[in-house]
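Shown next, in structure tokens, is the structure this report addresses.
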Amino acid sequence: MRIFFLSALTLFGHTLLAQLEQDDDFLSIMETELKRELSEFSKAKQPPYFLSYRVSDTYSANVGSSFGSLVTSSTDRSRVLVADVKVGDYNFDSSHSMDNFDGFNVPFQMPRGRGFGMPVELPWDNRPEAIQFMLWQVTQGSYRQSLEMFKTLKNLQHTTTTSTIPINDFSREVAATHVDPPLPEFTRFYNEKEWTARIKKISTPFLNNPDLVDGDASLDAGTERKYFVSSEGTRIAQNRTYAHLTIRASIRADDGDVVGLHKSYFAFDPANLPTDEEILQDVSKMIEKLNLLRKAPLAEPYTGPAILYSHAAGVFFHEIFGHRVEGHRLKDNNDGQTFKGKIKEEVLPKSLSVIFDPTQAYFNGQALNGYYLYDDEGIKGQKVEVVKNGILKTFLMSRTPIENLSNSNGHGRAQAGAETVSRQSNLIIKNDKVVPMNELRKMLITECKKQKKKYGYLFMDVVGGFTTTERYMPNAFNIFPTEVFRIYVDGRPDELVRGVDLIGTPLAMFAEIAAADDKSEVFTGFCGAESGYIPVTAVSPSLFVKRIETQKKATSQVEKPILQKPAGN
């Protein structure tokens, strides 16, 4: 963020010194009220031992077009507060998990809350009396819930036994202070008139193809100032800015099935997105591919060798690996806990290492969506090598300790208004044993012959995926490819196919990774889980996998047009 804001200061005509001299009135109001609340709580019989306020102050804009015409344009402002009030102590508090008690039957009704307040919209202006009133109102409500929960949990602790190793409920951390310079005015960051014209221009070429069902372009841009203050003395005000441009189109195949393609671009500033000429070239390529997909054969279910090109490999690792090293899951007895007890064991090929680094802002000049300086619990983001040379070393940690890992490594994250848990940031795959792509293809063909397959698969691009980790559900994943080719053993040209979903179970898939190349690329996404949607990035080389499994993709049918398309379009 430092790199971006130094350039932004030049762009917006401010000086760094002048901005650093400005104090943040809203931050001061939050701190003043927090101190007052702590003073009042000191009179209580059972005061909270921890109190924090987290606020997300956001300006956002969205503009979208379809076939060259404007279909949506909006701007929004929000200032969302969540308060966390914990009663008890770091060892045992009101957030204590019920999973640590033997048995599943609770003899009485549990309280409704755990001291983590529901999200509340705060006033946009910085009138101290209005903001302090809202903070006071939310705090006392959260405290009542937290106190009731703590009493209930203590009663359960006295009447039940636990068979697990005692683990603290909340980690002790060093207080941090960090205040970014104020953000520029949103109108200086986002020019609505300019981007309305550009987005319409980008989607116009889709209009020239009569077979397209959809042809859209959209931009989501925003600035977010994230505040965090706590009773421990942490004082954070950090900035996040983003510009996410997407082009997408779909076409009716000869059998009526609708197939689509998607491409996105990410930057910290709308001014740093690709030029219209570059994007229009991608639009042209997308239309060409869609016309090929229209006549492409529908794939049958398959099991056998495959190459996951870098984008597909990044999503693959995010889904089947990343979610399973989020530390809080190891404290949840409902989770499958794939890697519990496996630290110091080999979980991937020895040539591969897996790093999560929220402090890295760019990769080969590409902005990384999972970048931040401090997480949503006020802990400094850290580069974490989860796997080194195939060996599992640690987990991604928030302030929820797990067995043998008692502190956060800066990965407590949440969408505005949601409760924090350990989540992924910038996932980066390192490969120490490089195999060029042409050699990966040879390995694929050799393995196909060994397995008596006529062809293997090349997954060039994907649009996303999902996974399940609960132990009462199959621990499976599903990745949604958009561009898939058959690579034939007999040497005929690669064949584009459609209707493929990549599926499987994680441990079986890890065992089949055989090699990787050295040309890593960036996949930008937004990940949804318990704490809402958060920005993430995956950076991976291409992978050769000895055995994958596919299933048929769900289809959507569009009838052939009855009427002729209007002339002149």
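Of the listed pairs Lys519/Lys546; Lys45/Lys154; Lys350/Lys430, which have alpha-carbon separations greater than 18 Å here?
Over 18 Å apart, Cα to Cα: Lys519/Lys546.
Considering the dipole of the chain built from charges on the beta carbon (Lys and Arg +1, Asp and Glu -1) around the Cα centre, which of Val229, Ala529, Thr468 is farthest to its positive end?
About the Cα centre, the residue reaching furthest to the positive side is Thr468.
For Met98, Met509, write out the residues from largest to smallest accessible area, computed with a 1.4 angstrom probe and no ligands counted.
Sorted descending by solvent-accessible area, the residues read Met98, Met509.
Identify all lysines with a Cα-Cα distance to Lys35 below 17 Å; exclude those on the same chain that are fewer than 8 residues away in sequence.
Lys43, Lys86
Applying 1/(1 + (r/R0)^6) with R0 = 51 Å to the Cβ-Cβ distance of Lys285 and Trp124, what FRET efficiency is obtained, to the nearest 0.05?
Details: r = 43 Å, r/R0 = 0.85.
Efficiency for this residue pair is about 0.75.
Quick one: check the C-alpha center-to-center distance for region 245-269 versus region 277-300, whole angstrom.
9
In Å², and per residue, what accessible area does the chain have when probed at 1.4 Å with the other protein chains present?
For the chain, the per-residue accessible area is 46 Å².
Hey, for a label at Met473 modelled as a point 7 Å past Cα toward Cβ, could you say which residues of region 529-550 have their backbone N under 19 Å away?
It comes to 529-534, nothing else.
Quote the relative contact order of the chain in percent (integer), defining contacts as alpha-carbon pairs under 8 Å separated by 6+ residues.
Result for the chain is 15 percent.
Would you mind computing, in nm to one decimal, how far apart the modelled labels at Gln140 and Asn389 are, each placed 7 Å from Cα along Cα→Cβ?
Once both label points are built, they end up 6.1 nm from each other.
Counting Lys and Arg as +1 and Asp and Glu as -1, each charge on the Cβ, what is the dipole of the chain about the Cα centre in debye, to the nearest 20?
With Lys and Arg at +1 and Asp and Glu at -1, about 1360 debye.
Mark the label point 7 Å from the Cα of Lys201 along Cα→Cβ and return the residues of region 247-291 whose backbone N is within less than 13 Å of it.
The answer is 274-281.
With a cap of 16 neighbouring Cβ atoms within 10 Å, and only residues DSSP puts in a loop, list the trypsin sites (Lys or Arg not before Pro) found in region 448-511.
Within region 448-511, the qualifying trypsin sites (Lys or Arg not before Pro) (loop, at most 16 other Cβ atoms within 10 Å) are Lys452, Lys454, Arg471.
Name the lysines eligible as straight-distance cross-link partners of Lys552: C-alpha to C-alpha under 29 Å, and not fewer than 8 places from it in the same chain.
Lys263, Lys285, Lys289, Lys295, Lys442, Lys449, Lys450, Lys452, Lys453, Lys454, Lys560
When the dipole is taken about the Cα centre of region 315-409, and only Lys, Arg (+1) and Asp, Glu (-1) are charged at their Cβ, what size is it in debye, to the nearest 20?
Result for region 315-409 is approximately 300 debye, rounded to the nearest 20.
Sorted by average packing, counted as other Cβ atoms within 10 angstrom per residue and highest first, what order do 188-199, 397-408 take?
The peptides rank, most packed first, as 397-408, 188-199.
Could you point to the residue in Gly341, Gln360, Asn155 farthest towards the positive end of the chain's charge dipole, with +1 and -1 charges on the Cβ of Lys/Arg and Asp/Glu respectively?
Farthest towards the positive end: Gly341.
State the label only: which of (1) 30.6, 103; (2) 25.9, 82; (3) 24.2, 77 corresponds to Rg and Dmax of the Cα atoms in Å computed from the shown model?
Evaluating Rg and Dmax of the Cα atoms in Å on these atoms matches (2).
Ignoring any ligand, DNA or RNA, what whole percent of the accessible area of the chain comes from carbon and sulfur when the probe is 1.4 angstrom?
Ligands and nucleic acids excluded, carbon and sulfur reach 52 percent.
Identify the chymotrypsin sites (Phe, Trp or Tyr not before Pro) of region 393-495 meeting these criteria: DSSP loop state and at most 10 other C-beta atoms within 10 Å of the C-beta.
Taking region 393-495 and a limit of 10 other Cβ atoms within 10 Å, the loop chymotrypsin sites (Phe, Trp or Tyr not before Pro) found are Tyr472.
Taking +1 at the Cβ of each Lys and Arg and -1 at the Cβ of each Asp and Glu, which of Gly390, Gly456, Val497 sits farthest along the dipole of the chain towards its positive end, judged by Cα position relative to the Cα centre?
Toward the positive end, the furthest listed residue is Gly456.
For Glu232, list long-range residues whose amide hydrogen, built 1.01 Å from N in the peptide plane, is under 5 Å from its own amide hydrogen.
When sequence neighbours closer than 5 places are left aside, the close amide H contacts are Leu51.
For a Förster distance of 51 Å, can you work out the FRET efficiency between the beta-carbons of Leu292 and Arg36, rounded to the nearest 0.05?
0.20
The values are calculated or read from the model by the stated rules, or taken from the named source; none is laboratory data. Quantities reported herein were computed from a predicted structural model and do not represent experimental measurements. Virtual Cβ from ideal backbone geometry, glycine too; neighbours counted across all protein chains shown. Surface areas here come from the heavy atoms of the whole protein model, side chains and all, with no ligands, DNA or RNA. Shrake-Rupley method; radii C 1.70, N 1.55, O 1.52, S 1.80 Å.
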